[in-house]
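Reviewing the structure listed below.
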Amino acid sequence: MSAEKVILNHERFALTIERLCQQLVETYDDFSNTCLIGVQPRGTYLSERIRTRLQSSIPDIAPLAYGKLDITFYRDDFRRREKPLTPSVTEINFLVENKNVVLVDDVLYTGRTIQAALTALNHFGRPRSVELLVLVDRRFNRHLPIQADFIGLTVDALDEAYVRVQWQETSGEDQILLYSSKEDV
Amino acid sequence: MSITQQLSTRHLLGIKYLLPEDIQLIFETADSFKEVINRPIKKVPSLRDITIVNLFFEDSTRTRISFELAEKRLSADVLNFSASASSVKKGETLLDTVNNILSMKVDMVVMRHPAPGAPHFLARHIAANIINAGDGTHEHPTQALLDAYSIREQLGDLRGKKVAIFGDILHSRVALSNIFCLKKLGAEVTVCGPPTLIPKHLHELGVGVSYDVRQTLQWCDVANVLRIQMERQDIKYFPSLREYAQHFGINKALLHSLDKPIIIMHPGPINRGVEITSDVADSEHSIILQQVENGVAIRMAVLYLLAARN
């Protein structure tokens, strides 16, 4: 029995990102005073796609304030993991003070990454608002009261399951896979 | 999943015990911390449940402030201890002092001690992570790491780069740690100073030995200039400071006579006009203050990676 299942194929993957971009445009119009921040490492593949799409589709859009946020040093499982995570780069060359922030990650699972990201974000100023965009929302596996505002795909799966988003940049194809157990990954 | 890596050791006692991969991991982690300390808010909460004691049995300005700042930027709780203001004066042993401090639930110990091997002794007897912040004339690992990191920042990969260490090699823990670190990273090392201040069997570590300052400067890409440690010299190793400055001091005229610019480093404290003149120490080729800035990032990386191993 194959342990993995494609739950979002290449075509639907592209449509989903397109829909998320449309939803962002409906909410933020021309993105004045709004910035896009991808959570390192895997949220940045999605944020890069969205940024490119928005930048090319809205003719009058000013260069979008865009950043990448690494949350390694803000995680609440430091010293509780077997091995430490290796940090990625943080590239935010502006302050988020009084800006609307769209935080982007690939999978929303326990909510702990987003909690860490919110703490980390505080170190770049006090945003006017923060909204969360995720490609996958595993809605029944939350440890914290954190919800997404823009959702690509809702996945109901058991705790031992694993959802992996594959990107063309790294795996050759855009798709989302569901594994019945973390060990199969 | 994200990549995970960890150090091969629980303590940082000396560069001698590190693998080249450990050094690379410390450098990559320091890159991230360097970005953190250049933010408007220079603090991350990583070590918020960790208590660190800084045990300084010997004087220090840079190392102590740098460690304390690194600990605070990582949100650790910090205790400072100076031997001169403690019960050590009343005759308490090192082990008793440290065990008493540890019974107050301290997780890490940063120690500077005049006796070579003091942190190794502690590591055998106590459970906390130990970081050597200088043990006598033996090792000063974080200084060597920040020196190599600063060179890497200027020149890229250290493999094949030529680094010369000038001055009081005999009494310098910075020299020994630097030699270990640079060799592990594939750099070529030559030491240069008066024969009396160069240990007899140093070439066995695979370093060149020279007594000619001009020739060595011409050879190297980087000159790391060390202080004459008068406080550790119980006999006369050279006739006078003036004579030392004339024969082994590095000055502008000497640098101008070379056919290429070289990078000038100094671990501090500088004795201006002795091992290096002011115009050289403050010149555009000097990276002395960058070394100090990098020191905080390197120490944050070391503390973070050692704490993560618990």
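The values are calculated or read from the model by the stated rules, or taken from the named source; none is laboratory data. Not measured: the values here are computed from a predicted model. Note that each Cβ is placed from the backbone with ideal geometry, even for glycine, and that neighbours are counted across all protein chains shown.
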Strands (runs of 3 or more DSSP E) enclosed by segment A:98-185 - at least 1 residues per element that are closer than 30 Å to B:Lys42 by Cα and not acidic (Asp, Glu)
A:100-108, A:129-138
Just for segment B:263-275: of the residues that are among the aliphatic types (A, V, I, L, M) and at pLDDT below 95, which one is surrounded by the fewest Cβ atoms within 10 Å (Cβ to Cβ)?
B:Ile270
When you check A:Leu177 against the structure, is it at pLDDT 90 or above, surrounded by 21 or more Cβ atoms within 10 Å (Cβ to Cβ) and touching a Leu at 6+ places or on another chain (Cβ under 9 Å), yes or no?
no
Among the residues that make up segment B:184-205, is at least one of them surrounded by fewer than 17 Cβ atoms within 10 Å (Cβ to Cβ), within 30 Å of B:Arg159 (Cβ to Cβ) and among the hydrophobic types (A, V, I, L, M, F, W, C)?
yes
Checking the conditions here, which among B:Ala281, B:Ala307, B:Ala223 is surrounded by 14 or more Cβ atoms within 10 Å (Cβ to Cβ), within 14 Å of chain A (Cβ to nearest Cβ) and at negative phi?
B:Ala307
I'd like the full set of residues that are more than 9 Å from chain A (Cβ to nearest Cβ) and either small (Gly, Ala, Ser) or under 20 Å from B:Gln5 (Cα atoms) (or both), limited to segment B:29-56.
B:Ala30, B:Lys34
Filtered residue count, segment A:33-73, keeping only those that are closer than 17 Å to A:Ile114 by Cα and over 11 Å from the mean Cα position of the chain (by Cα):
6
Checking A:Arg128 against (1) in contact with a strand residue (DSSP E or B) (Cβ under 6 Å, 6 or more places away or on another chain); (2) surrounded by 14 or more Cβ atoms within 10 Å (Cβ to Cβ); (3) of a type outside the set (S, T, N, Q): exactly one of these is not met. Which one?
(2)
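Looking only at residues that are over 15 Å from B:Val109 (Cβ atoms) and surrounded by 15 or more Cβ atoms within 10 Å (Cβ to Cβ) in segment B:71-87, which one is farthest from the chain's Cα centre (by Cα)?
Looking only at segment B:71-87, we keep the residues that are over 15 Å from B:Val109 (Cβ atoms), and these are B:72-75, B:84-85, B:87.
Checking which are surrounded by 15 or more Cβ atoms within 10 Å (Cβ to Cβ) leaves us with B:72-75.
Details: B:Lys72: 20, B:Arg73: 20, B:Leu74: 20, B:Ser75: 23 Å.
Filtering segment B:71-87 for residues that are over 15 Å from B:Val109 (Cβ atoms) and surrounded by 15 or more Cβ atoms within 10 Å (Cβ to Cβ), the one farthest from the chain's Cα centre (by Cα) comes out as B:Ser75.
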Residue set A:Leu15, A:Leu8; condition aliphatic (A, V, I, L, M), farther than 24 Å from B:Asp31 by Cβ, crowded, with 20+ Cβ neighbours inside 10 Å and more than 14 Å from every other protein chain (Cβ to nearest Cβ); output residue A:Leu8
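Assess whether A:Phe94 counts as being of a type in the set (Phe, Trp, Tyr), within 14 Å of another protein chain (Cβ to nearest Cβ), part of a loop (DSSP other than H, G, I, E, B) and more than 16 Å from the chain's Cα centre (by Cα).
On the way: of a type in the set (Phe, Trp, Tyr): yes; within 14 Å of another protein chain (Cβ to nearest Cβ): yes; part of a loop (DSSP other than H, G, I, E, B): yes; more than 16 Å from the chain's Cα centre (by Cα): yes.
So A:Phe94 fits the description; yes.
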From the list A:Ile50, A:Ile61, pick out the single residue that is among the hydrophobic types (A, V, I, L, M, F, W, C), away from chain B (no Cβ under 14 Å) and assigned to a loop (DSSP other than H, G, I, E, B).
A:Ile61
Residue list for segment A:152-163, restricted to those being crowded, with 19+ Cβ neighbours inside 10 Å and within 23 Å of A:Val102 (Cβ to Cβ):
A:Gly152, A:Val155, A:Val163
Taking B:Ile52, is it at pLDDT 95 or above, over 15 Å from the mean Cα position of the chain (by Cα) and not basic (Lys, Arg)?
yes
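Specify which of the listed residues (A:Val102, A:Val89) is among the aliphatic types (A, V, I, L, M), within 11 Å of chain B (Cβ to nearest Cβ), touching a helix residue (DSSP H, G or I) at 6+ places or on another chain (Cβ under 9 Å) and farther than 30 Å from A:Ser180 by Cβ.
Numbers: A:Val102 fails: within 11 Å of chain B (Cβ to nearest Cβ).
The conditions single out A:Val89.
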Given (1) within 14 Å of chain A (Cβ to nearest Cβ); (2) in contact with an Asp or Glu (Cβ under 6 Å, 6 or more places away or on another chain), where does B:Gly14 come up short, assuming only one miss?
(1)
